[in-house]
Each structure stands twice: as structure tokens, then as C-alpha cells.
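Take a look at the structure below.
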Amino acid sequence: MSEQPLNPTTAPVPESGTADEAVLSADADTTTVHASATGSTAADVTASTGATACGPTAADVTAGTGSTASGSTAADATARTGATASTGPASGVTTSTGSTASDVPADEAAALRAASFERARRLRQEPRFPGGPAADPAGSHHERRIRSFQPRRSRVTTGQQDALERLWPKWGLDIDGKRVLDLDQLFDGLPVVLEIGFGMGEATAQMAADDPGTGILAVDVHTPGQGNLLGLADKAGSTNVRVANGDAVILLREMLAPESLDGLRVYFPDPWPKARHHKRRLIQPEFLDLVAPVLKPGAIVHCATDWEPYAEQMLEVLTAHPRFENTAADGGYAPRPAFRPLTRFEGQGLDKGHVVHDLLFARI
């Protein structure tokens, strides 16, 4: 199950590989062309797909559609914006204005590059589906801090797209940090629990169907999962689910009123098993400092994980926090509550011999 939220700990961005400042990419079919001339006999045209055309006599440029154009003396790489770069035996690279790269003054070339980057930035901010979840809903809240998740772009099925287009305007919301949510109005007066990281939404949809008297505010950044959960809830006739898209830290910090939640659920967050990545784990003292004020007294924080070292850290952090109290009589782990279904992710862990631990702590 993918994890949504972000660890609010302020820290420099570590090296690449697990991007903390994750940038949602533009649609897979978006192609941005950067042309540079290396002289009168060669040119490289690099598209965002990684395709490269070079040489004075032949070039193959593969666009995002998979088609290939080749010729004996020139190649065209057409970007989504309509700009075209072409090579010739002695002309270098032709820009969209008709002049060659070797003829363009440095300041004009810099302006062209800036315009290209601006187009790419706008594309990253466009929703994949008009009226659906935004690509970067809280762009104005960009922060340099350690994050506990990395957004993934993957294929959206026809059914998921249909659910997003039909149901997002009614049951979806973007975490933009610009308003405080009125949960009573959003859920018609139902008590509300926040679920952070729901993956493909199967367990969330089942809990919503089994308990129609509880509203579930489910947060994730995975577009296929968002569409899948909306579709499952619609199919089951559940009207007590709302899907929030974006950074859960911004939601907790800026968009929820004090003592507005009746519970928090964090099931199978990313364990970040490498020691140097432990700082990315979600359940940290700083995260609990954000959670405690928005929970009502007696509200339950329910965590589950199949990663033993992470379970130990969760138990230690929750036990040490002054605003939470373990509901287990022995001060340890709790049995799996009947309302939490066996998830697909959990089943995979059990098949591998993992032990699943549940932790239930009450807000004091």
C-alpha cells in the first residue's frame, strides 16, 4: 500500500535515488525538445523521452508516441508545443524562429531555454484529467524537507479514468493549503477518520461499506489508486468516502480544525528499511505533534506494519509521546481489530512469513 504523507522534519534534501523534492512529471506523451549545435556537421536533439538524433547524414528521433522519423540529411522532433528542431548538413540546429542555433545571440538562446522550462513547468501542474486531481495542488507550499513518500506515475485504466471524471468533482478534493475543511459539511455530520496512504483502495472501500456511519477522509497521491477507490465506493453504494490528493502534512497543518477528527489510520506505510532512510519514516515525534491537535480526546491512532523494526519504532515513538496512551493492557501490540480487513499488501507479507503488528493508541 503506498504511503501518502510527508514527514515534516526540516532537513536538507539528500542525494537522489529517493527523491525528497518529488516533482510530479508531466503526462507521458509530453515531449520537450532541447536543441544544441555542436558545429556545422552535428547536432543533438534530446526529447524528454530520452531519444537523441545526431549526425549530418542520418537521424532517428523517436517521439513519445513510439513513431520514428528518419532521413538522409535531416530529422524533425516535434514537441507537444508545436516547436520543431531540424538538422542539416551545414546549418546546425534550426530553432522555432527559423534561425540556426549558431546565429542566435546568447541572450535570446537563454530566453528560449527559459520559455521551454516554463512550458514544462506548466505541464507538470496540469491535471492528468480535466476536473480531476491536480498534479501539484500545493505548489505554492513547496518546502525543502524530508518526505516519506515518492509520487508514482503509472497507467490509469479506462475504469479508473471514468471514475475520476465522474466522481472527483463530487467526492475528491485537492490538498492546496488554502482553506480549512468543514468536515461536518463534507461528510453530512458523520464522525470522520483520516486514512493516510490507501494504495489501490480495496481495504478502504470495504471499511467504508462495512461502517456507513463513519466518514473516511482517504489521502494518497497515486492517481490510479484514487480512481480505483472512487470506483469501488461507487459500485458498493458507499457515500461516506472522500479522496484527498496531495501532501498529508499540509492537510494536518493547515486544513483541519482542532479536534475535528475521530481517528487516524496508517496501514503499512513504507518502512524505509535502510538505516540512512529511517528519517523518512512517517511515524516520528514531529508527525505526532501535528496529529495530536486535530484529534478529538479519545480518538484512536491505528497503525499496522509487517516490518518488525518499524513496528518497534512505532511502539517506542507512540509510547514516548505525552498525548497518546496505549490501549493494549500490556503496553505492547494489539490484536488486529475486526474492522480492519486483511489487505492485499498484508497477505503478501504473510506469504513471505512476515508478522503483522497493530498498534492502537488513544489521544489523551
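Bear in mind these aren't lab numbers, they're just calculated from the coordinates by the rules spelled out. All values reported here derive from a predicted model rather than from experimental measurement. Neighbour counts run over all protein chains shown; Cβ positions are idealised from the backbone, glycine included.
Just a few scattered comments:
- Full-stretch length increase - residue 170, residue 344 - with 0.36 nm per residue and alpha-carbon distance subtracted: 59.9 nm
- Taking other residues whose beta carbon is less than 13 angstrom from the beta carbon of residue 289, and scoring Lys, Arg as +1 and Asp, Glu as -1, yields +2.
- Rounded to 5, the percent of DSSP beta bridges in the range 228-364 classed as antiparallel: 60
- The range 211-364: relative contact order in percent, alpha carbon pairs under 8 Å with at least 6 residues between: 23
- Simple spin-label estimate for residue 312 and residue 179 gives 4.7 nm between the two label positions (7 Å along the Cα-to-Cβ direction from each Cα).
- Local net charge near residue 326, Cβ-Cβ under 15 Å (Lys/Arg +1, Asp/Glu -1): -3
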